[in-house]
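Below: one structure, written as structure tokens.
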Amino acid sequence: MDKLKIIRLAEDFAAGKMESYDSGHDFWHIERVRKLARKINSAEKIADTFILDLACILHDTADSKFAATHGNKYDDLEKFLKNSGLDHLKNEIIEIIDNVSFSNNNKTGNLKNPVLRVLQDADRLDAIGAVGIARAFNYGGFRNNPIFDPSDKEKPSTINHFYEKLLKLKSLMNTETGLKMAEERHLFLEEFLFQFYKEIN
Ligand code: ADP
Ligand code: NI
């Protein structure tokens, strides 16, 4: 099967899988991550462009925040890769997807894979800056989490999520290009929090 055809099939597979996710994880998240990854890789030139694009498209298709927990969460993805003649890439793609998320960070210690390094930076960039703030509050709304509890600042809330995760992402960037792009977005998170506290106090 030619590469363009595989990419189109992967887009259809991912769109179907992500239909029930929150809108911070809709197909536009995938499109933004692909674009960011392409930009990072065109400066760094470390990853194979086809595998990178494929991994970007597929990276959220087995998200345990949304996926049903029965069976192996990678079953459908494995089937997709097999049917697309990509059995030889199965282990690599699954390992990348397994390691891309913040919570699984460096679980197997394999951050050497250049596709993983670029994809992880792109996914993290989409979690910070103005888009990241929109996605965080969207996810909080989807779960009906509090925005912030001024009476208990330690209580889980979307503002808390900034400290638990979003503000840490800049220092975790893998590539120089990703880090440069993260700086402006990180500053915007800080400005947002400054204004937020100013308004509630
Ligand atoms: P990763 O794929 O790195 O594990 P997630 O899928 O957990 O990242 O997060 C993806 C998006 O969902 C991010 O924009 C993140 O901020 C948002 N998100 C995840 N958990 C929460 C939460 N508890 N509150 C607000 N936003 C969240
Ligand atoms: Ni993602």
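The values are calculated or read from the model by the stated rules, or taken from the named source; none is laboratory data. None of these values were measured; they are calculated from a predicted model. No Cβ is skipped: glycine too gets one built from the backbone with ideal geometry, and neighbour counts run over all protein chains shown. Only protein heavy atoms, including side chains, enter the accessible area calculation; ligands, DNA and RNA are left aside. Shrake-Rupley method; radii C 1.70, N 1.55, O 1.52, S 1.80 Å.
Its relative contact order, with pairs defined as Cα atoms under 8 Å and 6+ residues apart, puts the chain at 22 percent. Residue 179 contributes an accessible area of around 50 Å² to the protein surface, as traced by a 1.4 Å probe with all chains present. Just in region 14-62: which chymotrypsin sites (Phe, Trp or Tyr not before Pro) are loop by DSSP and have at most 14 other Cβ atoms within 10 Å? Qualifying residues, ordered by number: none. Charge dipole of the chain (Cα centre as origin; +1 on each Lys and Arg Cβ, -1 on each Asp and Glu Cβ, all else neutral): 260 debye, rounded to the nearest 20.
Taking 40, 57, 147 in turn, the Gaussian network model of the chain (Cα-Cα springs below 10 Å) assigns the largest fluctuation to 147. Here the extension length gained between residue 200 and residue 144 equals 18.1 nm, from 0.36 nm per residue of separation less the Cα-Cα distance. In the context of the full set of protein chains, region 1-137 has a per residue accessible area of 48 Å² (1.4 Å probe). Applied to region 72-86, the Karplus parametrisation 6.51 cos²θ - 1.76 cosθ + 1.60 on θ = phi - 60° returns per-residue 3J(HN,Hα) values of 7, 5, 9, 3, 5, 5, 4, 4, 4, 5, 5, 5, 8, x, 10 Hz, with x for Gly and Pro. A straight Cα-to-Cα reach below 18 Å connects residue 112 with the lysines 45, 90, residues fewer than 8 places away in its own chain not being considered.
Treating each Cα of the chain as an identical point scatterer and ignoring solvent, apply the Debye formula and state log10 I(q)/I(0) at q = 0.12, 0.15, 0.16 Å⁻¹. Taking Cα atoms of the chain as identical point scatterers yields -0.62, -0.95, -1.06. The mean sequence distance of close C-alpha pairs (under 8 Å, at least 6 residues apart), as a share of the length of region 82-201, puts its relative contact order at 24 percent.
The share of accessible area on the chain that comes from carbon and sulfur is 52 percent, using a 1.4 angstrom probe. Once backbone amide H atoms are built at 1.01 Å from N, residue 86 has no partners under 5 Å, excluding neighbours fewer than 5 places away on the same chain.
Loop-located GluC sites (Glu not before Pro) in region 151-188 (DSSP state not H, G, I, E or B) with no more than 11 neighbouring Cβ atoms inside 10 Å: 154.
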